[in-house]
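A.B. asks: Quick one: the structure is below, questions incoming.
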Amino acid sequence: MGAQHLASLSRLTDSLSRATTLEQVYDGAFEAIESGLGVQKASILLFDEKHFMDFVAWRGLSDDYRRAVSGHTPWRPDSRDPKPIGVSDVTADPSLAKYEQIFASNGIRALAFFPLTYRDRVIGKFMLYWPEAHELTNDERELAQSIAGQIAFGVARVRAEQELERERERLNAIITNVPGVVWEAIEEDGKRRITYISPQIETLVGYSPEEWYRDPQFWRRIVVTPNEQLVEQIQREGRSVYRYAMRTRDGRLIWVEVRASFSTAGNTRVSRGVTMDVTAQREAERREHLLSESSALLTSSFDYETTLPRIVAMIVPDTASWCALDLCDEAGDLQRIAECGDEPTDTFVQNIPLIAAGRTLGVLSLASSDNELATELARRIAYTVSNAQLYREAQDANRAKDEFLATLSHELRTPLTATLGWATMLRMGDLSAENFKTAVETIERSIKSQTKLIDEILDVSRIVTGKLQLTSAPVRVAAIIDASAETIRPSVMSKGLELNVDIAPIEGMVLGDAARLQQVIWNLLSNSVKFTPPGGSITISMDQATSDAIRICVKDTGCGIARKFLPFVFERFRQGDSSMTRAHGGLGLGLSIVRSIVELHGGTVEAFSEGEGLGAAFTITLPIAPAVSAIALNETRTAPPPELAGVSVLLVEDEEDTRMMLSTALRRSGARVIAVGSVAAALDAMRDAPPTIMISDIGMPGEDGCSLMMKVRSGAIESLRDMPAIALTAYARDEDRERILGSGFNLHLAKPIDPGEVVRAVRRSVSRAGGDRHAE
């Protein structure tokens, strides 16, 4: 190696010995490369923690070049005895063909790789680049390898020093930020002295480090734990963790935990350790113990009337000098269920509400400054009470369900008994004219009663699933009240009641579903009739509550509503009396349906009663809609009675009794009727005599009505593709209606239905289809 090369290497060695950063190492290396080898372009690449070879320093290279070759390396970190690699002409090396363009753009014609190794590990490489073809000489190779060794050593040294500095800073930060006091003491010939104690001691107990240094026995004066026992423990154990109480300068009592280690050399004993304030931890442990014990007790039973007094007794006196627990009854009034200790008169008392699931269930009161513990106890008590109440409500709901099913069975079987009995006697044919009339009236009344029960159950199903829909239009509420009153008046008169109707003028109209609003009014009136004894009175009134709302009130002098039942009067399946000896029938669904319909109209309904035997009042508030036109109002008026002369009806019904009944009703209205019992027969009938309109059942053996309708709409009989069609079926759910109308029917009617309504539906359907020409 020549003198110039040795001089360059010497300067590099000197430079690297003084380098404190990696950048200084890289700069020294580049200077040695330039002065010793005369190379202007060079780079240093190191493996990162993922063993990816990336550029850390370079000279004379573009960003595009570095991006193109980053990651390329002939060696791995564990490569054994790596050798330098020289490429005298990159254009002649097929393995580098893909880099030809980037080499050319950076003026590179020859290059060389030199491994950077440290302790038998490849940590990176440095590279040399020449603008012309260049063959490495032995001197160049030797100098470059020496430079590589210096670079590797310099990188490793700086990295180690930086890591050491980081570790030093880390340890210093740990010591500085230890949440306690770091100390050292030496005991020689029975005499103990503090050789180091961190400044945190003054924060801990209020005494400065100097006070500890001046008096070797200072600690004995502030330690509350018996000194001799503590000294014996420390001397007996070579390595200890122990706790004791200390009195601070301002008189507070704190608990500390000492973690110490001991070493002995001859007559000298050295102890080092950390003393930490564990007062809060000890208090937390005490709180956790109380919470654990109370939680175990709270979850042991749903009978909180028994467990909660025991919880209160656990709180006093360890956590509070006095504690009381009050729970809300059904009326919302607080009732004390437990108290322990003497209620203080001059001590701070916390009153913490018991809240769970958005409900306030009561209040926990206690004389204590530990707000965190009191709040957590209140939270756990609240959830216990809430869960217990939910469990009881679930049990009540199950009982209500069972009672409802029993009531439903009773309400269905009772009219069925009379219906079946009179039907049997009618079939025997030996009834008098008077009994015949009674039989028909009873059967009709029983069927209407069953229909009402079924309608209520279906309405509840629609409400629960969110499928109860309104057909909104301007509504004359006064007319609905008058109609409902007239409908209920026969029942009022037969029971000897007085019915008063008081309707005040209203400015504006309600936008709603007239049929559903009439259902609401009728339900409330029939409810009053049911619960008002003979000689009583019922009043229905309407006035304008505000400028944008009307008020309807149904008030009676009946049996009233018990105060404890009043909050539940609008709940489904709830009845004031569901026993077998109850005086009034029904399923307990009417008022829940009333509330749902009113709320769908944007209104409210409330129940009032002074108690049992004092009557009841139900008040409905409905919003007034903006002004509506007379045309829209006229659309709500009832059409004239229908006549079906000249209308040909195809009736498809597999149930013979229903088929005969509907055929008779339609013929009495003047229609020509072709009645069949299957889909195949219906198609044959259409081909023989095309009808004006079709009425079809849905559920039939073999092929259902939807299938028939789809065949008609698809052109099975071309002339009837657009024929109006009505579905008359027992499939009455909203999803059934959508499916049936989706198959092509124009109208869906649910069984059971009044024959007159079927006739009116036929008339409307024919008129809309332009079928009045059939009646000319």
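The values are calculated or read from the model by the stated rules, or taken from the named source; none is laboratory data. The shown structure was predicted, so the numbers you read here are calculated from the model rather than taken from an experiment. In this analysis, Cβ positions are derived from the backbone assuming ideal geometry, glycine residues included, and neighbour counts consider all displayed protein chains. Ligands, DNA and RNA are stripped out before the accessible areas are found, and what is left, the full protein with its side chains, is counted by its heavy atoms. Shrake-Rupley method; radii C 1.70, N 1.55, O 1.52, S 1.80 Å.
For every residue, the table says whether it meets (1) modelled with pLDDT of 90 or more; (2) loosely packed, with under 13 Cβ neighbours inside 10 Å.
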residue: Arg668; (1), (2): no, yes
residue: Gly715; (1), (2): no, yes
residue: Ala725; (1), (2): yes, no
residue: Ala732; (1), (2): no, no
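A.B. asks: Name the one entry in Leu361, Leu327, Leu377, Leu366 that is open to solvent by less than 30 Å² (accessible area, probe 1.4 Å) and farther than 30 Å from Gln395 by Cα. It would help to see each step written out before you state the result.
C.D. replies: On the way: Leu361 fails: farther than 30 Å from Gln395 by Cα; Leu327 fails: farther than 30 Å from Gln395 by Cα; Leu377 fails: farther than 30 Å from Gln395 by Cα.
Within the list Leu361, Leu327, Leu377, Leu366, the selection yields Leu366.
A.B. asks: Right, here's the next one. Looking at the range 47-79 only, could you name the residues that are among the charged types (D, E, K, R) and touching a residue at least 40 places away in the same chain (Cβ under 8 Å)?
C.D. replies: If we filter the range 47-79 for residues that are among the charged types (D, E, K, R), which is where we start, we get 48-50, 54, 59, 63-64, 66-67, 76, 78.
The answer is Asp64, Arg76, Asp78.
A.B. asks: Looking at the structure I just gave you, is Lys711 basic (Lys, Arg) and either in contact with a helix residue (DSSP H, G or I) (Cβ under 6 Å, 6 or more places away or on another chain) or over 16 Å from Val676 (Cβ atoms) (or both)? Show your work before the answer.
C.D. replies: Working: basic (Lys, Arg): yes; either in contact with a helix residue (DSSP H, G or I) (Cβ under 6 Å, 6 or more places away or on another chain) or over 16 Å from Val676 (Cβ atoms) (or both): no.
The answer is no for Lys711.
A.B. asks: Considering only the range 287-324, how many residues are in contact (Cβ under 8 Å) with a residue 12 or more places away in the chain and within 21 Å of Glu393 (Cβ to Cβ)? Don't jump to the end; show me each part of the working.
C.D. replies: Here is the first cut: in the range 287-324, the residues in contact (Cβ under 8 Å) with a residue 12 or more places away in the chain are 287, 290-291, 293-295, 297-299, 302-305, 307-324.
Okay, now just the ones that are also within 21 Å of Glu393 (Cβ to Cβ), so 298-299, 302-305, 307-308.
Of the residues in the range 287-324, 8 are in contact (Cβ under 8 Å) with a residue 12 or more places away in the chain and within 21 Å of Glu393 (Cβ to Cβ).
A.B. asks: Suppose we filter Leu589, Leu600 for residues that are in contact with an Asp or Glu (Cβ under 7 Å, 6 or more places away or on another chain) and either within 19 Å of Asp513 (Cβ to Cβ) or at pLDDT below 80 (or both); which single one remains? Outline the logic, then answer.
C.D. replies: Working: Leu600 fails: in contact with an Asp or Glu (Cβ under 7 Å, 6 or more places away or on another chain).
After applying the criteria, what remains is Leu589.
A.B. asks: Please list, ordered by first then second residue, the pairs with beta carbon atoms under 6 Å, 6 or more apart or interchain, first in the range 601-623 and more than 18 Å from Leu470 (Cα to Cα) and touching a residue at least 12 places away in the same chain (Cβ under 8 Å), second in a strand (DSSP E or B) and open to solvent by 50 Å² or more (accessible area, probe 1.4 Å).
C.D. replies: Ala617/Lys555; Ala617/Phe608; Thr619/Glu606
A.B. asks: Name the residue, out of Ala148, Ala160, that is more than 30 Å from Tyr213 (Cβ to Cβ), in a helix (DSSP H, G or I) and either open to solvent by less than 30 Å² (accessible area, probe 1.4 Å) or of a type in the set (Ser, Thr, Tyr) (or both). Give the derivation first.
C.D. replies: Values: Ala160 fails: either open to solvent by less than 30 Å² (accessible area, probe 1.4 Å) or of a type in the set (Ser, Thr, Tyr) (or both).
Ala148 is the lone residue from the list that is more than 30 Å from Tyr213 (Cβ to Cβ), in a helix (DSSP H, G or I) and either open to solvent by less than 30 Å² (accessible area, probe 1.4 Å) or of a type in the set (Ser, Thr, Tyr) (or both).
A.B. asks: Hey, another quick one. Please go through (1) farther than 30 Å from Asp502 by Cβ; (2) open to solvent by less than 50 Å² (accessible area, probe 1.4 Å); (3) modelled with pLDDT of 80 or more for Glu434 and return the number of the only condition it doesn't satisfy.
C.D. replies: It fails just one condition, (2).
A.B. asks: Which strands (runs of 3 or more DSSP E) sit wholly inside the range 184-265 and have at least 2 residues that are at pLDDT below 85, of a type outside the set (Gly, Ala, Ser) and more than 53 Å from the chain's Cα centre (by Cα)?
C.D. replies: Ranges flagged: 191-197, 253-265.
A.B. asks: Give the number of residues within the range 323-378 that are part of a helix (DSSP H, G or I) and either in contact with an Asp or Glu (Cβ under 7 Å, 6 or more places away or on another chain) or farther than 13 Å from Leu308 by Cα (or both). Step through it out loud before you land on a result.
C.D. replies: Residues of the range 323-378 part of a helix (DSSP H, G or I): 371-378.
Now narrow it down to the ones that are either in contact with an Asp or Glu (Cβ under 7 Å, 6 or more places away or on another chain) or farther than 13 Å from Leu308 by Cα (or both): 371-376.
Qualifying residue count, the range 323-378: 6.
A.B. asks: Tell me which residues, restricted to the range 477-524, are charged (D, E, K, R) and under 28 Å from Ile457 (Cα atoms).
C.D. replies: Taking the range 477-524 and keeping what is charged (D, E, K, R), we get 482, 486, 489, 495, 498, 502, 507, 513, 516.
Result: Asp482, Glu486, Arg489, Lys495, Asp513, Arg516.
A.B. asks: Of the numbered conditions (1) part of a helix (DSSP H, G or I); (2) under 17 Å from Ala382 (Cβ atoms); (3) modelled with pLDDT under 85, Thr306 satisfies every one except a single condition; which is it?
C.D. replies: Of (1) part of a helix (DSSP H, G or I); (2) under 17 Å from Ala382 (Cβ atoms); (3) modelled with pLDDT under 85, only one is false for Thr306: (2).
A.B. asks: Okay, moving on. Within the range 299-324, how many residues are within 21 Å of Arg287 (Cβ to Cβ) and either touching a Phe, Trp or Tyr at 6+ places or on another chain (Cβ under 8 Å) or open to solvent by less than 40 Å² (accessible area, probe 1.4 Å) (or both)?
C.D. replies: 11
A.B. asks: Here is a follow-up. For Lys83, work out the one condition from (1) outside any loop (DSSP other than H, G, I, E, B); (2) open to solvent by 30 Å² or more (accessible area, probe 1.4 Å) it doesn't fulfil.
C.D. replies: (1)
A.B. asks: So, one more: Quick check on my filter: what residues within the range 101-133 are of a type in the set (Ser, Thr, Tyr), open to solvent by 30 Å² or more (accessible area, probe 1.4 Å) and part of a strand (DSSP E or B)? It would help to see each step written out before you state the result.
C.D. replies: Going through the range 101-133, the residues of a type in the set (Ser, Thr, Tyr) turn out to be 105, 117-118, 129.
From what's left, open to solvent by 30 Å² or more (accessible area, probe 1.4 Å): 105, 117-118.
Selection gives Thr117, Tyr118.
A.B. asks: All but one of (1) among the hydroxyl-bearing types (Ser, Thr, Tyr); (2) surrounded by fewer than 19 Cβ atoms within 10 Å (Cβ to Cβ); (3) modelled with pLDDT under 80 hold for Thr419; state the number of the condition that does not hold.
C.D. replies: Evaluating Thr419 over (1) among the hydroxyl-bearing types (Ser, Thr, Tyr); (2) surrounded by fewer than 19 Cβ atoms within 10 Å (Cβ to Cβ); (3) modelled with pLDDT under 80 leaves (2) as the failure.
A.B. asks: Conditions first: (1) part of a loop (DSSP other than H, G, I, E, B); (2) out of contact with any strand residue (DSSP E or B) (no Cβ under 7 Å at 6 or more places or on another chain); (3) farther than 30 Å from Leu164 by Cβ. Glu49 passes all but one, so which condition is the exception?
C.D. replies: That leaves (3) as the condition not met.
A.B. asks: Still on this structure, please answer the following. How many residues does the range 178-210 hold that are under 22 Å from Thr248 (Cβ atoms) and open to solvent by 70 Å² or more (accessible area, probe 1.4 Å)?
C.D. replies: Count: 6.
A.B. asks: Please work out if Ala682 is of a type in the set (Gly, Ala, Ser) and part of a loop (DSSP other than H, G, I, E, B).
C.D. replies: Details: of a type in the set (Gly, Ala, Ser): yes; part of a loop (DSSP other than H, G, I, E, B): no.
In short, no.
A.B. asks: Of the numbered conditions (1) within 52 Å of the chain's Cα centre (by Cα); (2) of a type outside the set (Gly, Ala, Ser); (3) in a strand (DSSP E or B), Arg67 satisfies every one except a single condition; which is it?
C.D. replies: Failing condition for Arg67: (3).
A.B. asks: Please state which one of Thr268, Thr279, Thr275 is at pLDDT 85 or above, surrounded by 12 or more Cβ atoms within 10 Å (Cβ to Cβ) and of a type outside the set (A, V, I, L, M, F, W, C).
C.D. replies: Thr275
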